[in-house]
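Reviewing the structure listed below.
Taken together, the values in this text are just the output of simple stated rules run on the coordinates, not laboratory data. Computed from a prediction, not measured in an experiment: that's the story for all the values here. In this analysis, Cβ positions are derived from the backbone assuming ideal geometry, glycine residues included, and neighbour counts consider all displayed protein chains.
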Amino acid sequence: MSAAPPDDALAVRCRGVTKEFGANGALTRALRGVDLDVPYGELLMLVGPSGCGKTTLVSIVAGTLDPTAGDVVVLGQDLVAMGNGRKVKFRRDNVGFVFQQFNLLPALTAAENAAVPLLIAGWKRAAAVEAACGVLDRLGLGDRLANLPSELSGGQQQRVAIARALVHEPRLLVCDEPTSALDAENGRITMELIQQVAVQPGRAVIVVTHDARVYSFADRIASMEDGRIDAVEVRSSSGPRAGAGP
């Protein structure tokens with residue numbers, strides 16, 4: 001068995017993470033002492049049955065949900081010790097999100113929706129939209145830049161949400177079912193672009209998925225069951241990673 005990487009090589013380090021919802025007789029234990037390491041430069045996939053705790057775990061890692069107990073260090077920062085204000089800034093500057101609900105703003109075009117993280121960060125509108133258009137074009141939406149969400153299919157809306165998560169070049173990208181609404185070809189294109197985030201120094205990606213078509217993009221696959229990680233599989237490096245990129 002290979003030695004565990006040192007802490008300074010880890011984008012994510014979780015130890016003994018638990019999460020409980022409710023109280024007393026209605027208590028639900030979503031996570032039951034999770035240990036997880038995600039080194040920089042890695043694309044980790046979390047798999048397992050619905051309700052096993054995958055989304056809860058990535059929400060804690062992304063800083064949108066607090067654990068009940070345990071240690072969570074992300075990009076060298078102790079999330080448990082952070083106040084809400086610091087945590088909001090940390091997410092804004094470092095984390096990209098792709099969640100199952102697209103959360104696109106209905107009055108904004110595809111390009112404007114994808115540019116939102118840059119606008120929040122203080123970019124001038126023209127520069128932010130130009131950068132967003134570049135990411136959307138790489139995702140095959142170059143002819144939909146001016147469309148409103150209501151004028152896009154579910155798969156197209158999902159790709160806008162992915163572009164929004166990628167546009168500010170986050171150090172940690174967290175994706176919950178990013179290919180669920182995509183056909184095989186667009187799923188491949190999307191995963192290649194997501195993978196490019198992971199292979200850069202100082203960055204990492206966590207993908208929650210039920211889509212076995214994209215397993216070959218993972219460096220490791222962690223299987224969850226009943227609020228715990230019960231197995232971790234190291235994948236071959238001879239898959240799509242070797243030739244990834246548009």
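Using mean Cβ contacts within 10 Å as the protection proxy, how do 118-126, 56-64 order, highest first?
Details: 118-126: 12.6, 56-64: 22.4.
Packing order, densest peptide first, comes out as 56-64, 118-126.
Let me know the shape class of the stretch 54-103, please: from the alpha-carbon gyration tensor, a ≥ b ≥ c as square roots of the eigenvalues, rounded when a/c is under 1.5, otherwise prolate if a/b is greater than b/c, or oblate. Before the final figure, lay out the partial values.
Working: a/c = 1.91, a/b = 1.25, b/c = 1.53.
In terms of gyration-tensor shape, oblate.
Name the residues whose placed amide hydrogens come within less than 5 Å of the amide hydrogen of VAL80, ignoring near sequence neighbours (fewer than 5 apart) on the same chain.
Close amide H contacts, sequence-distant or interchain: VAL72.
Within the chain, which DSSP H helices have Cα atoms that stretch 30 Å or more along the helix axis and a mean Kyte-Doolittle hydropathy of at least -0.5?
none
Cα convex hull of the chain: mean projected area in nm², to one decimal?
On the way: hull surface 55.9 nm².
Computing the convex hull of the Cα atoms and averaging its projections yields 14.0 nm².
Determine, at each q value in 0.20 (inverse angstroms), the log₁₀ of I(q)/I(0) that the Debye formula gives when each Cα of the stretch 1-123 is one equal point scatterer.
Each listed q maps to, in turn, -1.24.
If you restrict to DSSP beta bridges whose two residues both lie in the chain, what percentage is antiparallel, to the nearest 5?
Percentage antiparallel, nearest 5: 55.
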